[in-house]
Amino acid sequence: MDMVFRLIAKERKRLREQLQLIPSENYASSAVMRAVGSVLMNKYSEGQVGKRYYQGNVNIDDVERLCKERALKLFGLDGDKWGVNVQGLSGSPANLAVYVALLEPGERIMSMFLPEGGHLSHGWHMPHKKVSFVSKIWDVEFYHVDRKTRVFDYDQIERQALRFKPKLLISGGTAYPREIDHKRMGQITRKVGAYYLADIAHEAGLVAAGVNSSPFPHADVVMMTTHKTLRGPRGAIIISRKKLAQKIDSAVFPGLQGGPHNHTIAGIAVCLAEAQRASFRHYAKQVVVNAQVLASELAAAGFDLVSGGTDKHLLLVDLRTIGISGWVAAWALEYANIIVNRNTVPQETASPYYPSGLRMGTPAITTRGMKEREMRRIAGWIVAVIEHSRKWVLPEGKQQRRLFAQRFHKRLAIDGTLDLIAKEVKRFARRFPIP
Ligand SMILES: Cc1ncc(COP(=O)(O)O)c(C=O)c1O
């Protein structure tokens, strides 16, 4: 057997035996995987439905048309008012296509500050380094959460927008646990004459199910990834006001991409049909209930939940009050078969590689059928691992950290307490099937 298939089998085993609490991950259904692994990957189809630059696209046209129709139906949108593009290869290129379509180089973007939960593709830059290429092309300024509450103060965002006068205001991020007030964001953009891009990469499935509020009445463009709460293949959907749709289509192709990934578009079409079922709505509701139970269990154990809790699928824990680095905690949890993100937190005092927080989410474990009872058990293990790991203090200095890391991994591998929890978690996880 080709080594690659052995590695795939190993990854399947890992996905089954560990608890995946990374909020941007999920388990796509067997039907989605079948579509993505289909003959559609053989075809070139540059262009749009009914207007291709390649011959032989009768079936591809039908798949892409169906995918777009399903996207409109899922979000309850009128095809005369909204345009859909499903060709973006993933969330970051789809966001880039939106900027290319709506902005001239040098124009202004206002977006959420990355260390407080924003996203790289929204133009991340530091005073001494333009990290995202977006920040080399456009003039990007960030807005912040309130220092005390660690949630957005929309009056403050409005004052900043009136001063900075962006052409594009973006909401959405990777680690903000609260719902966005799309209505307010839409009002702000209209006041300053900007476009409003709602990036619901994370929340798409929750919005589709009506569990989080819809940005559609208020946004000019909505971008979503299809592989997070929407539970499809890796990809993106851009839905825009009809008057912007042509510009967005041209920015995707020929502006930024060549042939679309038709097998992915087919997988997206399958996941959009799945998301229309009542069972998906129950799933999305349970995702949020699970995240809230996990958050309240951790809070009861003395953990500092950023913003005090969550309205959605993810929670962010600031570990500074516990006195353990996010890096140490995330690795200790991985040895206990619990996979979370180490993450920056508002008013971060450490580096992104060794941040002060943990980000956790419930989309994947909820797909496996876990409910409130299971969340309580998982929270218990998380607390036990972190309490046990407080003794490991991350040193300062590059050299010292390298040495510490080497010894740390050896210690974790033979740690009796973690080993015991790892075995319990594995036994527990195996009871919940994956597609
Ligand atoms: C808010 C947000 N936007 C965009 C993206 C980019 O998606 P991708 O990783 O598919 O490029 C992500 C991914 O995590 C995200 O969270």
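The values are calculated or read from the model by the stated rules, or taken from the named source; none is laboratory data. Bear in mind that the values here come from a model prediction, so they are computed numbers and not experimental data. So basically every Cβ, Gly included, is an ideal-geometry build from the backbone, and we count neighbours across all protein chains shown. Please note that ligands, DNA and RNA were not included when accessible areas were found on the heavy atoms of the full protein model with its side chains. Shrake-Rupley method; radii C 1.70, N 1.55, O 1.52, S 1.80 Å.
So here's what we get for this one:
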{"item": "Arg70 vs. criteria out of contact with any helix residue (DSSP H, G or I) (no Cβ under 7 Å at 6 or more places or on another chain), charged (D, E, K, R) and either within 16 Å of the ligand (Cβ to nearest atom) or not in a loop (DSSP other than H, G, I, E, B) (or both)", "result": "no"}
{"item": "Those residues of the range 208-240 which are more than 13 Å from the ligand (Cβ to nearest atom) and under 20 Å from Thr366 (Cα atoms), in sequence order", "result": "Ala208, Ala209, Gly210, Val211, Asn212, Arg231"}
{"item": "Elements of type strands (runs of 3 or more DSSP E) contained in the range 89-174, each with 3 or more residues being in contact with a Leu (Cβ under 9 Å, 6 or more places away or on another chain)", "result": "108-112, 168-171"}
{"item": "Residues that are of a type in the set (A, V, I, L, M, F, W, C), over 17 Å from Gly123 (Cα atoms) and within 16 Å of the ligand (Cβ to nearest atom), drawn from the range 157-206", "result": "Ile180, Met185, Ala204, Leu206"}
{"item": "Enumeration of residues in the range 213-224 that are surrounded by fewer than 24 Cβ atoms within 10 Å (Cβ to Cβ) and farther than 20 Å from Gly193 by Cβ", "result": "Ser213, Ser214, Phe216"}
{"item": "Any hit, the range 123-146, residues being touching a residue at least 60 places away in the same chain (Cβ under 8 Å) and under 18 Å from the mean Cα position of the chain (by Cα)", "result": "no"}
{"item": "Residue in the range 69-77 that is crowded, with 17+ Cβ neighbours inside 10 Å, over 22 Å from Arg234 (Cβ atoms) and among the basic types (Lys, Arg) present", "result": "no"}
{"item": "Which listed residue is within 17 Å of Trp392 (Cβ to Cβ) and open to solvent by 10 Å² or more (accessible area, probe 1.4 Å), from Gly323, Gly308, Gly302", "result": "Gly323"}
{"item": "Which numbered condition Lys10 fails, given (1) of a type outside the set (S, T, N, Q); (2) in contact (Cβ under 8 Å) with a residue 12 or more places away in the chain; (3) open to solvent by 30 Å² or more (accessible area, probe 1.4 Å); (4) not in a loop (DSSP other than H, G, I, E, B)", "result": "(2)"}
{"item": "Residue in the range 228-246 that is open to solvent by 10 Å² or more (accessible area, probe 1.4 Å), among the aliphatic types (A, V, I, L, M) and in contact (Cβ under 8 Å) with a residue 12 or more places away in the chain present", "result": "yes"}
{"item": "Which numbered condition His313 misses (of (1) outside the structural domain of Leu394 (by TED's automatic domain parsing); (2) closer than 30 Å to Gly37 by Cα; (3) within 16 Å of the ligand (Cβ to nearest atom))", "result": "(1)"}
{"item": "Test: residue in the range 348-364 that is among the charged types (D, E, K, R), surrounded by fewer than 22 Cβ atoms within 10 Å (Cβ to Cβ) and in contact (Cβ under 8 Å) with a residue 60 or more places away in the chain", "result": "yes"}
{"item": "Residue selected from the range 5-41 under the condition more than 27 Å from Leu333 (Cα to Cα) and out of contact with any helix residue (DSSP H, G or I) (no Cβ under 9 Å at 6 or more places or on another chain), by the criterion farthest from the ligand (Cβ to nearest atom)", "result": "Phe5"}
{"item": "One residue from Arg402, Arg407, Arg368, Arg390 being closer than 30 Å to Cys271 by Cα and charged (D, E, K, R)", "result": "Arg368"}
{"item": "Residue in the range 102-111 that is more than 22 Å from Arg359 (Cα to Cα) and of a type in the set (Asp, Glu) present", "result": "yes"}
{"item": "Test result for Leu315, in a helix (DSSP H, G or I), open to solvent by less than 30 Å² (accessible area, probe 1.4 Å) and within 27 Å of Ala405 (Cα to Cα)", "result": "no"}
{"item": "Test set (1) touching a helix residue (DSSP H, G or I) at 6+ places or on another chain (Cβ under 6 Å); (2) assigned to a helix (DSSP H, G or I); (3) farther than 30 Å from Leu77 by Cβ - Tyr354 fails condition number", "result": "(2)"}
{"item": "Test: residue in the range 261-282 that is within 16 Å of the ligand (Cβ to nearest atom), assigned by TED's automatic domain parsing to the domain that holds Met185 and not in a helix (DSSP H, G or I)", "result": "yes"}
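Each row is one residue, and each column tells you yes or no for (1) among the acidic types (Asp, Glu); (2) surrounded by 16 or more Cβ atoms within 10 Å (Cβ to Cβ); (3) outside the structural domain of Val270 (by TED's automatic domain parsing).
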{"position": "Gln18", "(1), (2), (3)": "no, yes, yes"}
{"position": "Val36", "(1), (2), (3)": "no, yes, no"}
{"position": "Asn42", "(1), (2), (3)": "no, no, no"}
{"position": "Gln48", "(1), (2), (3)": "no, yes, no"}
{"position": "Asn57", "(1), (2), (3)": "no, yes, no"}
{"position": "Leu66", "(1), (2), (3)": "no, yes, no"}
{"position": "Trp82", "(1), (2), (3)": "no, yes, no"}
{"position": "Gly91", "(1), (2), (3)": "no, yes, no"}
{"position": "Met112", "(1), (2), (3)": "no, yes, no"}
